[in-house]
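Heads up, the thing below is written out as structure tokens.
The values are calculated or read from the model by the stated rules, or taken from the named source; none is laboratory data. Keep in mind that what you see is a predicted model, and the values were worked out from it rather than measured. Note that each Cβ is placed from the backbone with ideal geometry, even for glycine, and that neighbours are counted across all protein chains shown. The protein model used for the area step is the full one, side chains on, heavy atoms only, and it has no ligands, DNA or RNA in it. Shrake-Rupley method; radii C 1.70, N 1.55, O 1.52, S 1.80 Å.
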Amino acid sequence: MPAALAARIAAHDTSGFSSELSIVLMLGGNICGAMLVSRSGDTARIEVNVVAPEYRQGWANVVLLDEMVQRGLGGAIKRV
């Protein structure tokens, strides 16, 4: 994992990813995908969107996007 990304994941200040908006998709204990999101005011920025190869071009990315929309609406996000 690149050092800059690892530092942002570990950050506990505004430079890190939002723990309220970021998502890890799991199935049976396996990670299927993840979406790491930062937030600035009412704007969310999807900075990392990754899906494991065996789940690509299928349901996994749709589930990640749907959950991001739900979290955004619940968290007063107006722009993504």
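Can you tell me which residues in region 52-65 are under 14 Å from the mean Cα position of the chain (by Cα) and exposed (fewer than 11 other Cβ atoms within 10 Å of the Cβ)?
Scanning region 52-65 gives a single hit, Val62.
With the requirement that a residue be assigned to a helix (DSSP H, G or I) and open to solvent by 30 Å² or more (accessible area, probe 1.4 Å), what does region 66-80 give you?
Initially, region 66-80 is screened for residues assigned to a helix (DSSP H, G or I), giving 66-74.
Within region 66-80, Asp66, Glu67, Val69, Gln70, Arg71, Leu73, Gly74 qualify.
Restricting to region 41-50, and then to whatever is part of a strand (DSSP E or B) and touching a residue at least 24 places away in the same chain (Cβ under 8 Å), can you tell me which residue is farthest from the chain's Cα centre (by Cα)?
Thr43
Inspect region 32-51 for any residue being open to solvent by 90 Å² or more (accessible area, probe 1.4 Å) and more than 20 Å from Arg79 (Cα to Cα) and give the result as yes or no.
First, the residues of region 32-51 that are open to solvent by 90 Å² or more (accessible area, probe 1.4 Å): 39, 45.
Restricting the remaining residues to those that are more than 20 Å from Arg79 (Cα to Cα) gives none.
There is no residue in region 32-51 that is open to solvent by 90 Å² or more (accessible area, probe 1.4 Å) and more than 20 Å from Arg79 (Cα to Cα).
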